[in-house]
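Notes for the one structure printed next.
Only the coordinates and a few stated rules stand behind these numbers; no lab work does. These figures come from a predicted structure and were not determined experimentally. Positions of Cβ are backbone-derived with ideal geometry, glycine not excepted, and every protein chain shown enters the neighbour counts.
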Amino acid sequence: MYILRGVKTVDGGPVDLTIEGETIASLAPAPPAVAAGPIPAGAVVIPGDGLLVLPAFVDIHIHLDKAFVRDELPDTDGTLEGAIRAMRDRKARYTSDDVAARASRLIRSSVTAGATRIRTHVDIDAAARLVALEGTRRAAAECADLCDVQIVAFPQEGVVRDPQARRLMERAVELGVDAVGGMPHWEADPAAQREHVRFCFDLAAAADLDVDMHVDETDDAGVRTLEMVVDEAIARGWEGRVTVGHVCSLAGADEAYAARVIRKCWEASVNVIANPATNLILQGRGDRGLIRRGLTRVAEFRAAGVNLCFGQDNVSDGFCPFGRGDMLEIAFLAAHAAHLTSRRDLDYALRGVTEAPARVWGLRDYGVRPGVRADLMCFRAASWEEALRLQNPPELVFFKGRPVARSAVTTVVGTAPVLAGLRGDGGEERRGSEGGAADDGWTDAPSRRST
Ligand SMILES: [Zn+2]
């Protein structure tokens, strides 16, 4: 049993939050210290003064198999096409060990940053074959005590352009994945795009899987595979089971098309994932002067009531040099890119990395309330807005009721004491922040810091 004593939540506080087994057992107003009752035998009490408890992040769009190959690639022109080209040769040299090690490193980094559920797209194509899938499955198994991982089979090179992709995708589904991916706009023309969409839905329907596609990740406003995907979802009765990522071209499309297709997304309960980090980088490369931000129509999807999330997407690969699986950082970038600044807007940004992706995942026991699984994170901040502003990692992360990551940021400002830790004389301690199983017997208070 863990008792988080006197923590804040987004609804107020202070409260005592009790975890029993994997579950939040209770949330009760924190009594004054003198009135606090005896501590139950075996309970670990964590002093929560100054801590804000939030549900752990859900990163609903990442690429674990591609991560951390950046230094091995030739420099690219910064476009999606350039990135896919640059990655192709490296993918052909994937080994299961190599993918598993890199994927595991990113899972641990994500957990440290507060994500305990991660949905990854895994390349299934002639270059990656099934090696990326095998390595990612191994990493997910190795990290099963830290994080839940869902895998989407992703034909990065197309299913019409890449003649091997269909057989490999079918085999990937046989081996076991959580959703069928796709990338129809990558095909040569609308007929091939339609064929791509139909193939992916056939595969998903045969295996009773959800669909989660990369859609219209281009500045070309004439590319409109979003409507193909949504029409297919409606025609097959796959409402509520389809997710589309990126949807960049919609930003440049005419208002009539945008309004029509956004309305259809709402009718078909299609989820939309914007990936601000990667698309701020990849999109708008041909623009001069007014350079597009690369994001889809966040405001219009929001106004229409469509479930919209923010994802990490790429980490240190051919597509993006940055990233660490940090959804606090992604929410921060989303707030900048999508003009989310009012308090309601910032609540929306939080929803985009918590409740909205939890809905895509199909979670019913998610949040900070009694009876749900205790996947939680604690920021040393007065509010979500302050956590977003400071960009410090959560001090504690819980997965299934157990602490799995602990971070501390120590800042010393002044004169003589600043160098104390460097002298190794027992002065200020600087702690690392790698994710990992924490000691269940932990009872000391997290380090304080000044900002
Ligand atoms: Zn992606």
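Remarks
- Projected area, mean over directions - segment 1-118, Cα convex hull, nm²: 11.0
- Extension gain, Ala92 back to Ala126 (0.36 nm per residue minus Cα-Cα distance, nm): 11.4 nm
- Taking the longest Cα principal axis of the chain as reference, the axis of helix 96-112 is set at about 50 degrees.
- Loop sites in segment 302-365: trypsin sites (Lys or Arg not before Pro), DSSP, at most 14 other Cβ within 10 Å: Arg364
- Amide N proximity, segment 275-293 versus Leu73 label position 7 Å along Cα-to-Cβ, cut-off under 20 Å: 275-287
- With the cut-off at under 15 Å, measuring from each backbone N in segment 78-95 to a point 7 Å along the Cα-to-Cβ line of Arg285 picks out 78-88.
- In terms of its C-alpha gyration tensor, segment 57-361 comes out rounded, because the ratio a/c of the largest to the smallest axis stays below 1.5.
- Note: relative contact order over the chain, using C-alpha pairs below 8 Å and six or more positions apart, is 19 percent.
- Förster radius 22 Å - calculated FRET efficiency between Thr23 and Val44, Cβ distance, rounded to 0.05: 0.90
- Spin-label model distance (nm) - Ala221 vs Arg260, 7 Å beyond Cα toward Cβ: 1.5
- Of all aspartates and glutamates in the structure, those lying under 13 Å Cα to Cα from Lys264, and not within fewer than 8 positions of it along the same chain, are Glu227, Asp231, Glu232, Glu239, Glu300.
- Global form of segment 185-259, assessed from the alpha-carbon gyration tensor, a/c cut-off 1.5: prolate
- Per residue, the average separation of C-alpha pairs within less than 8 Å and at least 6 apart gives segment 123-259 a relative contact order of 20 percent.
- Of all lysines in the structure, those lying under 28 Å Cα to Cα from Lys91, and not within fewer than 8 positions of it along the same chain, are Lys66.
- Spin-label proximity, Ala235 to segment 182-201 - amide N less than 15 Å from point 7 Å beyond Cα toward beta carbon: 190-201
- Among the chymotrypsin sites (Phe, Trp or Tyr not before Pro) found in segment 299-328, those both in a DSSP coil and sparsely packed, with 16 or fewer other Cβ atoms within 10 Å of their Cβ, are Phe322.
- Förster-model FRET efficiency, 60 Å R0, Thr415 and Ala191, C-beta, rounded to 0.05: 0.25
- Total charge dipole magnitude, the chain, about the Cα centre, Cβ charges on Lys, Arg, Asp, Glu only, Debye to nearest 20: 580
- Projecting the Cα positions of Cys265, Thr218, Ala335 onto the charge dipole of segment 57-361 (unit charges on Cβ atoms of Lys, Arg, Asp and Glu, taken about the Cα centre) puts Ala335 furthest along the positive direction.
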